[in-house]
Structure formats: C-alpha cells, structure tokens
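As structure tokens, the structure follows; a few thoughts come after it.
The values are calculated or read from the model by the stated rules, or taken from the named source; none is laboratory data. This structure is a prediction, so every number in the text was calculated from the model and none was measured. Cβ placement follows ideal geometry from the backbone for every residue including glycine, while neighbour counts extend to all protein chains displayed.
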Amino acid sequence: MEYQYAVKEGVFTLKDYKKGLEVVSYRGEDIYLTVPEKAETGEGEKPVISLGKKAVLSCKTVRQIRLPGTIEEVGDWAFAYCDELREVHLPQKEIRFGRGIFRECGRIRRVSVEGKTADVGGLLAASVTLLDAPYLFAPLRCGEEDWLRQWDARMLQILRAADKDGYSKMVLCGEEDYGSRENNLDYFLNQKRKSKVRIAFMRLLHPLKLQDEVRRELEDYLRDHTPDSGRTQRPVAGKEDDGMWDETWQVLREEHGEDSEYYKLFTKIGCLTEGNFDRLLSEAGENYPEMKAWFLKYKEEKIGYTDFFEELSL
C-alpha cells in the first residue's frame, strides 16, 4: 500500500517496507528537502527506513537533502541526475548504499555527517564524485586517520597516473561515438588534467591532516597547469604533450568563478603572477566581478602597484 506525505513544495510517495516505510519517489519543486522520520499509515505511524531506488532521480530544483536518523538504506541512483544538488545530510550510523547514488551530480560539494567536520563532508562527497572510490563512502569511519590515508592514496594514484591512461581502451572499445570530440586525444588529455585539478583544489580546500609533502605536490600541480605562473613548465608525471597547460585556470573560470575560496586559494599558492595577470583579468570577463576585484587587490598588495580603474577596464 502506498502513502502520500506532503512537504512545502512537493509530495513524497511511500510504501510499506520491512518493519517501516520506503520512499518510492518525490515530486515537487523544493530547494531544501527533508525526508520525513516517520509517516502516518492506516496502522499508525511507521519509521522511514529506506530511500528507494531512483527516489529523487532527476529532481532539478533540489539543492540540499536531509535524511532522518531512522534511515537504514539508500537505493541505487537515489539522487542521480540532480543537477543542482549541493549538499546531503546523513545521520552518523551504518547505512547501506546502492550503486551510483550521486551519478551526474556535478555540483555536489558536501555530504555532511552528524558530528563530523565540514572538511570531512567535502572529502566524503569527493570520494565518489571525483575519486570514483565507493569503498571510501563510509559515513561512520570518514575522517579517521586510516580513512584519510586511503583517501590520499587514491588521490595520488589518480594524480600521478599518465594522462593518456584509458585513452586507447576508450577508442578500441568504442565507448564514445567515432569522430566525436571525446575521441580526440587533445580533448581527452585536457579533460583528464581538469579532473586532476578538481581533485587538487578539493584536497587543498579541505586540508584535514594533509601531509606537507603532499600539499606541496598538489600546489605544484595547480601552478604547473597555470601559464606563466612563475614555475618552469617542466614535464611532470602524466604529462606527455608539449602544449601550454591551462587547466587550473579553466576549472577556476568555468566552474568556480563565483567561489571565493577557490580564487583566493588560486592567488595564495602563487598561480596569479605579473606574467599572467593581464590575460587572466581579461578572460574573466564581466561575469565574475568579485573575482576580478580580488585579483586587482592581490596584485596591488602582493605583486606591485596597479591603477585600479585602468585595470578594471580590462
């Protein structure tokens, strides 16, 4: 038997499941969505213990989802294709998770767990969205030293792998349409390096127990992939082509131009220099005035004198 549970801008459909209820689906336009802890049935209230397969699939308005302390299972693709999803809140308990729960959730930043820090929440989300490591998606042990060591080991495995890894297999197995840009080697290498840049940004922004030598390697990677950053453009692990490396700036401009923590880190580690300032300020365009203002302030204080209004015209 199915039941309806109304929320502010939508409705959950639930059904009897084991000793409680399972969320079958959600339909609505809520931005902040809280799964109920219990719901009324013909036999009285029952706890909600499962978020079913594809329960919140492709909900385009939801930015934040909170699961109750009664939850025990999250089914396959439960949050998949939620384009605007930024954060999920979980209770600190053992939960069985299905496959691909965050598939194509490209904007998710944090999976917050009750009692855990914000750094842990960011790394927990990235374990599946950036590292493709479902074994690290463990709300109970996330943040522990052993978990962090495993997280960093997986990160370095990806970062140090050759950029061409996987290309031949993709082409030979026909994973992409023949003639598509995905089959182009330059495009493949660019996308591979951008994925590494995203990982480096994420770990530096969530530096919980990050070892100094690993921090330096991540910072070097971001600088190495910023033109005229002041570092010698030298061959590094996974770098086979001779083109100018621009992926750090691409990721910042295309994905995080409004995120102050990203562009402040970009300047803090020395990616913005006198050599690339004019170009980057011009390419920032009119879309990110706060980032441009920060770059101007940084140049005046750290690089050297600048005429604010003259540079702003760029």
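Assorted remarks:
- Filter result for the condition that a residue is of a type in the set (A, V, I, L, M) and within 19 Å of residue 124 (Cα to Cα), over 24, 35, 74, 62: 74
- In segment 103-128, the residues that are of a type in the set (Ser, Thr, Tyr) and surrounded by fewer than 19 Cβ atoms within 10 Å (Cβ to Cβ): 117
- The listed residue being buried (at least 16 other Cβ atoms within 10 Å of the Cβ), among the basic types (Lys, Arg) and either outside the structural domain of residue 23 (by the TED database) or more than 24 Å from residue 210 (Cα to Cα) (or both), out of 60, 93, 54: 54
- Flag for residue 145 being out of contact with any Asp or Glu (no Cβ under 6 Å at 6 or more places or on another chain), of a type outside the set (Gly, Ala, Ser), in contact (Cβ under 8 Å) with a residue 60 or more places away in the chain and surrounded by fewer than 20 Cβ atoms within 10 Å (Cβ to Cβ): yes
- Options 241, 228, 220; residue that is over 17 Å from the mean Cα position of the chain (by Cα), modelled with pLDDT of 85 or more, assigned to a loop (DSSP other than H, G, I, E, B) and surrounded by fewer than 19 Cβ atoms within 10 Å (Cβ to Cβ): 228
- All positions within segment 115-156 that are aliphatic (A, V, I, L, M), assigned to a loop (DSSP other than H, G, I, E, B) and over 24 Å from residue 261 (Cα atoms): 133, 138, 140
- Among residues of segment 38-60 being under 28 Å from the mean Cα position of the chain (by Cα) and of a type outside the set (Gly, Ala, Ser), the one that is farthest from residue 81 (Cα to Cα) is 49.
- Residue count for segment 47-70 satisfying the condition of being among the polar types (S, T, N, Q), more than 17 Å from residue 10 (Cβ to Cβ) and part of a strand (DSSP E or B): 1.
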